[in-house]
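Asker: One structure, as structure tokens, below. Some questions next.
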Amino acid sequence: MKKNGIINSNISEIFSNMRHTDLVCISDLGLPCPDNVKSIDVSIKMGFPSFMDVLEEVHNDLKVEYIILAEEIKVNNKDVHEKILKMFDGVSVKYMSHSDFKKETQKCKAIIRTGEATPYANIILQSACIF
């Protein structure tokens with residue numbers, strides 16, 4: 001059995017197949033998922049697991065060089081926004097409208113849906129090269 005890192009087999013498979021500049025999205029429970037993008041639902045009930053709990057484990061398992069957030073998070077979910085910026089200190093951040101963010105998810109390898117029930121708790125992560 002796998003001893004360290006993310007043990008969810010669907011997430012682990014996506015991460016194992018990601019290359020430099022590939023995208024993956026971590027979302028709240030309401031973000032729509034395009035038909036062409038793999039959806040991995042880890043939600044159990046409203047609020048669990050939280051967006052930040054899942055993002056922390058992803059952060060520990062995936063090297064990230066760039067993140068994308070909805071502009072609306074700055075005003076509508078300041079707590080999560082601040083935690084994201086602290087977690088990804090030194091990583092480039094791009095903001096776009098929530099409408100454009102949803103369009104950008106079409107480029108993702110997968111969307112990992114959490115049980116998060118706060119507004120705009122969504123992020124797109126661009127994988128970095130590990131060497």
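Asker: Quick check: from the Cα gyration tensor, does the chain come out rounded (a/c under 1.5), prolate or oblate?
Answerer: It comes out rounded by the Cα gyration axes.
Asker: Which of 108, 49, 17 sits farthest toward the positive end of the charge dipole of the chain, with +1 on the Cβ of Lys and Arg and -1 on the Cβ of Asp and Glu?
Answerer: Going by the charge dipole, the pick is 17.
Asker: Which of 40, 73, 98 sits farthest toward the positive end of the charge dipole of the chain, with +1 on the Cβ of Lys and Arg and -1 on the Cβ of Asp and Glu?
Answerer: The Cα lying farthest towards the positive end belongs to 40.
Asker: If you don't mind, another one. Given charges of +1 on the Cβ of Lys and Arg and -1 on the Cβ of Asp and Glu, with all other atoms neutral, how large is the dipole of the chain about its Cα centre, in debye to the nearest 20?
Answerer: That gives a dipole near 220 debye.
Asker: Moving to a separate point now. Report, in debye and to the nearest 20, how large the dipole of segment 5-58 comes out about its Cα centre when Lys and Arg carry +1 and Asp and Glu carry -1 on their Cβ.
Answerer: In total the dipole reaches around 80 debye.
Asker: In Å², what does the accessible area per residue of the chain work out to with a 1.4 Å probe?
Answerer: In whole numbers, the chain has 56 Å² accessible per residue.
Asker: Under Stokes-Einstein, with the Kirkwood radius over Cα pairs standing in for Rh, what whole-number D in µm²/s applies to segment 31-103 at 25 °C and 0.890 mPa s?
Answerer: 178 µm²/s
Asker: Take the residue pairs 45/103; 2/107; 45/94; 74/102; 38/74; 78/102 and return only those whose Cα atoms are more than 24 Å apart. Before the final figure, lay out each step's value.
Answerer: On the way: 45/103 26 Å; 2/107 29 Å; 45/94 30 Å; 74/102 17 Å; 38/74 28 Å; 78/102 20 Å.
Those over the limit are 45/103; 2/107; 45/94; 38/74.
The values are calculated or read from the model by the stated rules, or taken from the named source; none is laboratory data. Just so it is clear, the model here is predicted, and its values are computed rather than measured. Reconstructed Cβ throughout: ideal geometry from the backbone, glycine too, with neighbour counts over all protein chains shown. All accessible areas refer to the heavy atoms of the entire protein, side chains included, with ligands and DNA or RNA removed. Shrake-Rupley method; radii C 1.70, N 1.55, O 1.52, S 1.80 Å.
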